[in-house]
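These notes are about the structure you will find just below.
The values are calculated or read from the model by the stated rules, or taken from the named source; none is laboratory data. Remember, it's a predicted structure, so these values are computed and weren't measured experimentally. Note: ideal-geometry Cβ built from the backbone for every residue, glycine included; neighbour counts use all protein chains shown.
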Amino acid sequence: MRLHEYDSEMLPQDIFPGVTWHHGVSLATILGAAASSAAVIWAVLSTLHERRERKAAQDALQTERREAREAATRVQADRVVAWYESVADDRVKEYDGGAINPRVGRRQTLFVQNHSDAPVFDVNVVMVDDEHRRNEIYRAKVLPPGNIKHDLGIRSDIPDLMIVMYFNDLAGLRWERCDIGHAEIADASLAEADPAV
């Protein structure tokens, strides 16, 4: 028997002799069941694919919104900075063996700037030396928009120093900013200066 000789009314045992079939099952029924199964599988796979795409779109939207909130949150923090400058000052005199020797020292000046449109609060600026000792050099309850210049005095021995500034923004978030980086949410355990050593 050839393929074109099959009749839709033929029973499976007529097509596949030797195979035991349930009586009354036609080739059309088998093909219909296979097509229905394929349609169900296709529908399930399509639904799963749509769910995955919808979830990816929701995740992307949430990420975009979170990044926008973070950017809006840090707008004020990114506009508040502190640094120090050290310039030569030849007015330093040292007492050396009964005579005063002029010697060049370094005048240190702290600069604190708030370029935002609103004040920041509970400002604490510490100097961290190369041995990680922290020394508070400036504190203010309120830092309005503008610039502050604070004289730190003259030193002849200038260690490697880093300035770290802590402050609360208008929303009440505590920020940390060092003189070589951008503002980050502050670690509460470091937000206050250690006692001077």
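A single entry from ALA57, ALA35, ALA68 fulfils the requirement of being more than 30 Å from SER116 (Cα to Cα), at pLDDT below 90 and not assigned by TED's automatic domain parsing to the domain that holds LEU170: ALA35.
Among the listed residues HIS182, HIS132, HIS150, identify the single one that is over 23 Å from GLU70 (Cβ atoms), outside any strand (DSSP E or B) and modelled with pLDDT of 75 or more.
Values: HIS182 fails: over 23 Å from GLU70 (Cβ atoms); HIS150 fails: outside any strand (DSSP E or B).
Residue meeting the stated conditions: HIS132.
Residues considered: GLU9, GLU50. Of these, the only one that is more than 30 Å from MET127 (Cβ to Cβ), among the charged types (D, E, K, R) and at pLDDT 85 or above is GLU50. Considering ALA77, ALA60, ALA82, the condition of being more than 30 Å from THR109 (Cα to Cα), surrounded by 10 or more Cβ atoms within 10 Å (Cβ to Cβ) and small (Gly, Ala, Ser) is satisfied by ALA60 alone.
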